[in-house]
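Throughout, read-outs are computed from the coordinates displayed, never taken from laboratory work. Computed from a predicted structure; not experimentally measured. Cβ sites come from the backbone with ideal geometry, for glycine too, and all protein chains shown count toward neighbours.
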């Protein structure tokens, strides 16, 4: 069966990096099977949900089978979308997410593992993410570079959301915690039967004050 992908680019203000633009243009050899969509909004989860619902609606109007998301501050190797489709086919994943370095010197990633505290999962370091493509019962994926198969029932039951909490430390100080939309989405999808996989097989550069690759050193 031919796959047709809604390639989605959320932005804060309608702008994307030039590296992201090239990553979109070189995502696949089959651009005729790709619907490119972008929405700019400072309301992050609404932006994601608009892109998600547009893709779900396009299953009927354009025969869309997959939803891909690339954040507007990423540079990705050419052919990444085709590569993700191949990995997804091999693993039979419902959601496949590329490991991405956080914008920090510590070489941590936004891929994480559940702990006893749902507000405090354990982030993977890049040095831990050396086994190609993997999953675990408590894996939490990021949405920076993500591919979802829309042909399962679970897609009708999930959406992007953020949860917040204020706690009090032993010395009486208050502090804020949040569950990000990507980790919440991972939990929803897993609870509805989706199979989640992370991969280090895609080369991704995360741009901020420097370039933070998911391999090698900060540039």
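General remarks:
- Residue under evaluation residue 89, criteria (1) in contact with a strand residue (DSSP E or B) (Cβ under 9 Å, 6 or more places away or on another chain); (2) on the phi < 0 side of the Ramachandran plot, criterion not met: (1)
Yes or no, residue by residue, for (1) without any contact (Cβ under 8 Å) to a residue 12 or more places away in the chain; (2) surrounded by fewer than 14 Cβ atoms within 10 Å (Cβ to Cβ); (3) more than 16 Å from the chain's Cα centre (by Cα):
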| residue | (1), (2), (3) |
| --- | --- |
| 126 | no, no, yes |
| 154 | no, no, yes |
| 171 | yes, yes, yes |
| 187 | no, no, no |
| 203 | no, no, no |
| 214 | no, no, no |
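- Positions within the range 3-36 being free of Cβ contacts under 8 Å to residues at least 60 places away in the same chain, part of a strand (DSSP E or B) and touching a helix residue (DSSP H, G or I) at 6+ places or on another chain (Cβ under 6 Å), in sequence order: 35
- Condition met for residue 119 (touching a strand residue (DSSP E or B) at 6+ places or on another chain (Cβ under 9 Å), touching a residue at least 40 places away in the same chain (Cβ under 8 Å), more than 16 Å from residue 203 (Cβ to Cβ) and surrounded by 19 or more Cβ atoms within 10 Å (Cβ to Cβ)): no
- Test: residue in the range 73-86 that is in contact with a strand residue (DSSP E or B) (Cβ under 9 Å, 6 or more places away or on another chain), loosely packed, with under 15 Cβ neighbours inside 10 Å, part of a strand (DSSP E or B) and touching a residue at least 12 places away in the same chain (Cβ under 8 Å): no
- Scope the range 42-53; condition more than 15 Å from the chain's Cα centre (by Cα) and buried (at least 17 other Cβ atoms within 10 Å of the Cβ); matching residues: 50
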